[in-house]
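Beneath this line is the structure, given in structure tokens, with notes to follow.
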Amino acid sequence: MSQPFSRFLHPFDVAHHPSLEPEVKRAILASWASDRSAVKDQPAMRKPPGARRAVPIDEVFAAMRSLDEPRTDSRPLQ
């Protein structure tokens, strides 16, 4: 995937994706959080190349933090 973030609409779509490894999720979200993805004249918004819309950086950080929360479902960790 050369631009994996382009297929996701929101950072939580990345964080909750069932088949992505945690390291991949972190890499994608880190690319969203990067200053390279900042929207011109709107530093609190991020829109990676290929993404359909901009999202607040706070939502990117919240999605990143959610990766550290304990799992609440019954599926085993892989």
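The values are calculated or read from the model by the stated rules, or taken from the named source; none is laboratory data. This is a predicted model, so every value here is computed, not measured. Every residue, glycine among them, receives a Cβ derived from its backbone with ideal geometry; neighbour counts consider all protein chains shown. The protein model used for the area step is the full one, side chains on, heavy atoms only, and it has no ligands, DNA or RNA in it. Shrake-Rupley method; radii C 1.70, N 1.55, O 1.52, S 1.80 Å.
With both labels modelled 7 Å from their Cα along Cα-to-Cβ, the Phe12 to Ala27 distance reads 2.6 nm. Applying 1/(1 + (r/R0)^6) with R0 = 25 Å to the Cβ-Cβ distance of Ser34 and Asp68 gives a FRET efficiency near 0.80. Using the Cβ of Asp13 as centre and a radius below 13 Å, the other residues enclosed give a net charge of +3, where K and R count +1 and D and E count -1. When all protein chains stay in place and ligands, DNA and RNA are ignored, the 1.4 Å accessible-area order of Leu20, Leu9, largest first, is Leu9, Leu20. Kirkwood hydrodynamic radius computed over the stretch 11-68 comes to 11.3 Å, based on all pairs of distinct alpha carbons.
Summing Cβ point charges (Lys, Arg +1; Asp, Glu -1) relative to the Cα centre of the stretch 11-68 gives a dipole of roughly 240 debye.
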